[in-house]
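Everything on this sheet refers to the single structure shown next.
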Amino acid sequence: MKKYFPFFRKYRKALLLAPALVVIDVICEIVQPELMSEIVDNGVMHKSMTSILHTGGLMVGLSLVAIAANVGNIYFSSHASVGFAAELRKGLFNKIQEFSFSNLDKFSSASLTTRVTNDVNIIQEVVMMSLRLLIRAPLMLLFAAVIAIRINASLASIIGIAIPVLAVSIYFILRRGLPFFEKMQQRLDKVNGVIQENLVNVRVVKSFVREDFEKKKFGYTNDELKEMAVRASGMVVLIMPVMQLVMNVSIVAIVWFGGNKIMSGTLQVGQLMSFITYITQILMSLMMLSMTIMTFSRAEASSERILEVLNTEVDIVDSPGAKEKNLLIKKGKVEFRNVCFKYHPDGAEYVLKNINLIVQPGENIAIIGSTGSSKSTLVELIPRLYDVSSGQILIDDADIRDFTLLNLRTSVSLVLQQNELFSGTIKQNLKWGNVNATDNEIIAAAKDAQAHDFIMSFPEQYETVLGQSGVNISGGQKQRLCIARAILSKPAILILDDSTSAVDTATEAKIRASFSEHLKDVTTLVIGQRVSSIQAADRIIVLDNGEIIGLGSHDELVKSNAVYREIYESQQLQKETAL
Amino acid sequence: MNGQTSETSRLSPAGLPGRHGHVSVEKPKNSKRVIRRLWNYLSREKVLLVVIIVFLLVNTATTLAGSYLLRPIINHYILPHNIPGLIKMAFLLLGIYIVGAVAAIFQNRLMILVAQRAVNAIRADLFGKLQSLPIKFFDSNNHGDIMSRFTNDVDNVSDSLNTSVMQLFTSTITLTGIFVLMLYISPMLTTVTLVIVPLMLWVAALIIKKSKNYFATQQVALGAANGYLEEMITGQKVVKVFCYEKSAATEFEAINYDLRDKATEAQYYSGVMMPVIQNLNTINFALTAVVGGLLVVFRGLDLGGLAAFLQYSRQFGRPVNEISSQYNSIQAALAGAERIFQILDEQPEISDAPDATVLGHVNGNVRFKNVSFGYDAGKTILKNISLEAKAGQKIAFVGSTGAGKTTIMNLLPRFYDIQSGEITVDGVDIKKIQRSSLRRSLAIVLQDTHLFTTTVMENIRYGRLDATDEEVIDAATLAGAHSFISRMPKGYQTMLENDGGNLSQGQRQLLNIARATVAKPAILILDEATSSIDTRTEQIIQKGIDQLMQGRTSFVIAHRLSTIHNADEIMVLENGEIIERGDHSSLLKQKGRYFELYTGQFD
């Protein structure tokens, strides 16, 4: 709860006014039945027209006040709840911006998105509800009970019986019904799972002619869902009739006992009528309260998911003092000193073991190794996307933790294996690399990444809109745009993580050529799959199971390194048998 | 799939996320037709519906009668001090209420049964329809969109059938009943109601209209915010790499505050209706009390009548409120139903020709004769393709992305029908073969390796449902999957969940190959089956694939040329045309495009 307070700060006024207005509304409404009994008992019984009109006027006046109070309440609670939700969304989004890679790995992006959208909406709804019903219902209940007791204490004892009876029945219905809802949700997930699988496998289903098999499978889960839905909803719809029965039986009791009291002269007809209204209000409030509590318990899961994000400790931040030092990367020398790394501090095995490596400024390093050899992890340590578990990494002879993240990451450009472009024009996307880039710089970078030609082939050229509503580009084109974006940031160190896998070999060779021409001074680290695309590198790192097991030029490695030779020969062998 | 993705989604975007709380107020385009079709589902339970209506009438009648009885109780028993009569009336009242409660319970539970059966049938029809739709539908519609028919849209319909419909019905009948009884008690007093109620309805209509507009603008803002969030969070790692965090926060702040302002208005208008109508009803109650009081004094209205009348005028507000608050959810349900029916109305795969044959034993001779094809009319992707694969031969396709390789593979199983030319299997035009028979004769191994949530055994058996356990294990052994399956905790009985999430890409591909193996197809299609796998793993899989290809006609699309050099014929595709063909060595000698591709790869 406390975690949420800061998000209300901007809307404090609305937050206080909304419940205050509810109090006014409740007071206006709660006296209405009593005024009505005035009309009957004083006005009608004593045939006093002035009393009737007077009291009636008061009733109408109070109703008008109530309307104003209600409109005000809704106005302020809308502002407070929606505003709160907006602040919460902003808070979550900003928090996610701070997340490190290992923070991000903990959540799937779909789940993060749901938390910021749906879960926040659910909380917003609960806040809205709280600012009205959660205050209104108990107040109504309390006031109505007080007035009922004041009218006739012994008659009011009926309320004392009705409330527990109703509360207990609702409790039992919900206790039986809620597990059904949980089961229903599980079965619903199962139904959705079958549909989802059917959709992604549509070619498999069709090519094996399994349409009927799928229908049968779906029919079974669908029927299971229906059965549980009937049971779950069947329990909940009991609540309303049961509550009505309790209410009506109470009314009968009031008519009976009240009737006797009227006959004995201790109660008046108008009072009996207002009493019936009060007991209706009391039981209705109780219903509202239980519904509100139910909504609360459903929102609890959402709240937990939101708090999980807010409470996540961001594990990579600027080191103290980094800002003051304001170190900049100039040369691009990279050094690994006894670096070990594992993703979870309590994980059993290191994914990188004892890495020692010095890369000279302007050097061109390639990294090769089978999947799972931690190639990506190795390069992701350099811009501090993950922090080393032990040892240290130095750039230009300073520990990378002494740089601000901004300075470090602006100078170290990493083209991720799983890369993304964003909706917007090609130019806007490239400018992610450097907001202030001139058109000439953009074109130069695109040329170096071999992207210029295909960009120019689009009718809108650099203004071509990418993304959902725009042109779709091929995987290879996307990779080239990502490379151009990275080059544009004029990094001292450029890292390509298997970034040309979808680019055909001829184009890849051209990219390599323009790199060696225009990016001579840039330290480059390139992860590759094929020996052919990396063998020209100054030095090649052979990574196996998180260890450097070979380091040297292609020729050296072919001679001295068994694993490298194996990779090389397997690719070479295919070539020779082919020839 | 090249080409298809550029087709924009033909279905309108379905309910955006954020459905909770405020139902979107989309309007169905043709409410009458949608209602008629929904009725088709409900009317399957005609008997139950009649029973429900009976219970509903009983329930409503008891509510009305209960309040009405106040009149005789006050007039004839309480005021004249008739105690035995009061006892009798109290028991009568009790009896009426119990009957009412029982009727309400039956009515509600039966309605849920009817509603859930209808929803169940809708879901089944929708899924069944999907099975009959051509691949084109799935290629040109976003899966998320299709899913939301099953989730959001069916939910909306289900909610509405569960509660809204009954409530609308009950409310209308209650309103009518109250009105009639009011007239019966005192026509004069009823005029008060007649003044206030139109006012209530007018205010309700006004608010609904306003809130509809604001919801529409809110929905747009919500869509923008959700879209932005999804994109940024998906690309969060890129955001980090480029230090874009601050810019993203600034961009989002603007979008977020825009949403806040729109949502506040929408929330305000949707929230304000219920209390305002309730208060208007209180005014109605007050005026009734005044006028009623005066009528008792000057016009001799009976006191019991006034009491009953006041009860009714209190009750009046609820149905009015309910009718207006159901408006939005019924609109949403109708819009959802319309989107569901839109899919049910989609054109299914063209049915088999009446004289279509069933293939017996398939040898696997495949011929393409002057085949031309485009996904959209007027945009030809494949031009005049002719080729022949004799039984048991291996045909490979190479070429840059977008050259049309995958498209060719879509034609043989008739995922798409060609526009001109002819494709034959064992000399028979595939258009003259029953689709199911044609597809049974071939198997496809794709690049994306999706698995089903079931055991390893059943995943492989998917290739041929009547395969015995031994046959499945044999197939797995042949494909080279047996050893890793045996190492799994429960072997072949291990459950795969989340699309085989705990398996590596290579392992999943081996399962796919085993699945194709167990199907014993005469023709095999491999679409980049090893492209996303490193070269060492690829060698293992290649063994499995080679085993599978033995004795079968196979078509192979490969990204890495090393996997296809032993093909009987290699087709080099460029811009939808075969520009070179021949076996590996003859193509190399030509020193053309293939030579370029090949040498570029290895030097």
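Observations on the structure shown:
- Pairs from the table (B:Lys240/B:Lys379; A:Lys190/B:Lys129; A:Lys325/B:Lys240; A:Lys13/A:Lys95; A:Lys325/A:Lys478) lying more than 29 angstrom apart at Cα are B:Lys240/B:Lys379; A:Lys325/A:Lys478.
- Secondary structure note: in the protein assembly as shown, about 50% of the DSSP beta bridges are antiparallel.
- Placing unit charges on the Cβ atoms of the charged side chains and taking the dipole of chain B about its Cα centre, the candidate lying farthest along the positive direction among B:Ile418, B:Phe242, B:Ala254 is B:Ala254.
- Surrounding net charge for B:Ser43, when Lys and Arg each add one and Asp and Glu each subtract one, Cβ distance under 11 Å: +3
- Amide H to amide H, with H built 1.01 Å from N, B:Glu574 comes under 5 Å of B:Ile579, counting only residues 5 or more places away or on other chains.
- Compared with the dominant Cα axis of chain B, that is its longest principal axis, helix B:187-234 is turned about 20°.
- Helices meeting the span-like rule in chain A (full DSSP H runs, Cα extent of at least 18 Å along the helix axis, mean Kyte-Doolittle score of 0.0 or higher): A:12-30, A:49-98, A:135-151, A:153-200, A:239-263, A:269-311, A:475-488.
- Environment charge at B:Ile557 (Cβ cut-off 10 Å; Lys +1, Arg +1, Asp -1, Glu -1): -1
- Cα gyration tensor, the stretch A:324-578 - rounded (a/c under 1.5), prolate or oblate: oblate
- Taking the C-alpha atoms only, the angle from helix B:31-42 to the longest principal axis of chain B is near 90 degrees.
- Nearest-ten-degree value, helix B:303-344 long axis tilted from longest Cα axis of chain B: 10
- Global form of chain A, assessed from the alpha-carbon gyration tensor, a/c cut-off 1.5: prolate
- Fraction of beta bridges assigned by DSSP in the stretch A:324-578 that are antiparallel (%, nearest 5): 50
- Of all aspartates and glutamates in the structure, the ones whose alpha carbon falls short of 14 Å from that of B:Lys432, not counting any fewer than 8 places away in one chain, are B:Asp352, B:Asp355, B:Asp417, B:Glu422.
- Longest DSSP-loop-exposure-free segment, trypsin sites (Lys or Arg not before Pro), chain B, at most 15 other Cβ within 10 Å: B:30-389
- Rg/Rh for the protein assembly as shown (Cα atoms only, Rh after Kirkwood) is 1.06.
- 13 Å beta-carbon shell around A:Leu394, net charge (K/R +1, D/E -1): 0
- Qualifying lysines (Cα of each under 21 Å from Cα of B:Lys520; at least 8 residues distant if same chain): A:Lys206, B:Lys390, B:Lys394, B:Lys543
- Three-way shape label, the stretch B:111-223, alpha-carbon gyration tensor, a/c 1.5: oblate
- Counting only residues at least eight positions apart within a chain, or on another chain, the lysines with an alpha carbon under 25 Å from that of B:Lys209 are B:Lys27, B:Lys29, B:Lys32, B:Lys262.
- Binned Cα-Cα distances of the stretch B:451-520, short to long, each 10 Å bin given as a whole percent: 24, 64, 12
Only the coordinates and a few stated rules stand behind these numbers; no lab work does. No experiment lies behind these values; they were computed from the predicted model shown. Positions of Cβ are backbone-derived with ideal geometry, glycine not excepted, and every protein chain shown enters the neighbour counts.
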